[in-house]
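Below: one structure, written as structure tokens.
The values are calculated or read from the model by the stated rules, or taken from the named source; none is laboratory data. Just so it is clear, the model here is predicted, and its values are computed rather than measured. Here the Cβ is made from the backbone with ideal geometry for all residues, glycine too, and neighbour counts use every protein chain on show. To get the accessible areas, we keep the full protein, side chains included, count just its heavy atoms, and leave off ligands, DNA and RNA. Shrake-Rupley method; radii C 1.70, N 1.55, O 1.52, S 1.80 Å.
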Amino acid sequence: RFFTKLGWQALLIDANPEFSKLLTNYYQDNNEVTVVKTLISTNDGVAKYLAMEEGTHSGISDDGVETKSERLSTLLKRLKLQDKKIGILSIDAEGFDNEILKSVLADKIYPEIIIIEANSKADREEVISILSSKYELIGETGRGFRQGQVGMFASKVVSKALHINLFEGVNTIWKLKN
């Protein structure tokens with residue numbers, strides 16, 4: 001609600017049917033918020049998604065059920081948002097973060113700020129190798145820093161945000177170089 005109070009529009013993305021339903025019910029009277037139940041992935045089609053109970057990690061799993069999946073660029077085109085500038089992209093895809101990040105950049109989507117989970121030294125090094133040519137590291141959050149489980153695409157003139165399923169974890173924060 002913080003972003004919509006600023007006059008931003010929000011796109012909330014979650015593949016978990018329970019979370020999507022909760023978000024839809026919570027924002028049902030807010031025309032500035034759109035909830036989309038889809039799995040952001042590196043390709044368009046179907047992926048096996050395992051939805052866990054609240055407080056546990058959901059994600060792509062061989063034990064999951066087939067779920068519609070799509071690239072972020074495909075979702076933005078489908079919603080006619082492909083020309084909107086994204087101010088903040090926050091990714092927490094339960095171990096699939098770096099693959100999502102690579103697909104976003106391959107589709108030439110360059111948000112002003114990227115927040116991405118990097119819970120291990122190897123994850124952090126990979127994020128650095130992916131982002132350091134176009135982005136500078138401006139901050140990190142430690143384990144236990146709670147942002148919420150929302151996805152947002154804001155379309156205000158100065159700042160926009162897209163936030164994909166951010167949970168607790170160690171997050172690195174990157175700013176697009178001028």
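Of the candidates I91, I164, I100, the single residue that is open to solvent by less than 20 Å² (accessible area, probe 1.4 Å), within 18 Å of G59 (Cβ to Cβ) and at pLDDT 90 or above is I100.
Total residues in the range 64-120 satisfying the condition of being touching a residue at least 12 places away in the same chain (Cβ under 8 Å) and on the phi > 0 side of the Ramachandran plot: the figure is 2.
The condition of being surrounded by fewer than 21 Cβ atoms within 10 Å (Cβ to Cβ), over 13 Å from the mean Cα position of the chain (by Cα), more than 25 Å from G139 (Cβ to Cβ) and of a type in the set (V, I, T) holds for only one of T38, T4, T67, that being T67.
Every listed requirement among (1) touching a Phe, Trp or Tyr at 6+ places or on another chain (Cβ under 8 Å); (2) open to solvent by 80 Å² or more (accessible area, probe 1.4 Å) is met by K21 save one, (1). With respect to the conditions (1) at pLDDT 85 or above; (2) within 13 Å of the chain's Cα centre (by Cα); (3) open to solvent by less than 50 Å² (accessible area, probe 1.4 Å); (4) not small (G, A, S), Y135 falls short on a single one, namely (2). So the check is Cβ under 7 Å with 6+ separation or different chains; which pairs have a first residue in the range 25-37 that's without any contact (Cβ under 8 Å) to a residue 60 or more places away in the chain and more than 24 Å from T74 (Cβ to Cβ) and a second one that's assigned to a helix (DSSP H, G or I) and open to solvent by less than 70 Å² (accessible area, probe 1.4 Å)? Close Cβ pairs (under 7 Å, with a partner that is assigned to a helix (DSSP H, G or I) and open to solvent by less than 70 Å² (accessible area, probe 1.4 Å)) amount to N30/T4.
Residue check: is N119 in a loop (DSSP other than H, G, I, E, B) and over 20 Å from L11 (Cβ atoms)? Full working, then the answer.
Working: in a loop (DSSP other than H, G, I, E, B): yes; over 20 Å from L11 (Cβ atoms): yes.
It is true that N119 is in a loop (DSSP other than H, G, I, E, B) and over 20 Å from L11 (Cβ atoms).
Residue by residue, here is whether (1) of a type in the set (V, I, T); (2) modelled with pLDDT of 85 or more holds:
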position: F3; (1), (2): no, no
position: Q9; (1), (2): no, no
position: T24; (1), (2): yes, yes
position: E32; (1), (2): no, no
position: I60; (1), (2): yes, no
position: L76; (1), (2): no, yes
position: A118; (1), (2): no, no
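Could you pull out the residue among A51, A47 that is at pLDDT 80 or above, open to solvent by 10 Å² or more (accessible area, probe 1.4 Å), closer than 19 Å to F96 by Cα and among the hydrophobic types (A, V, I, L, M, F, W, C)?
A47
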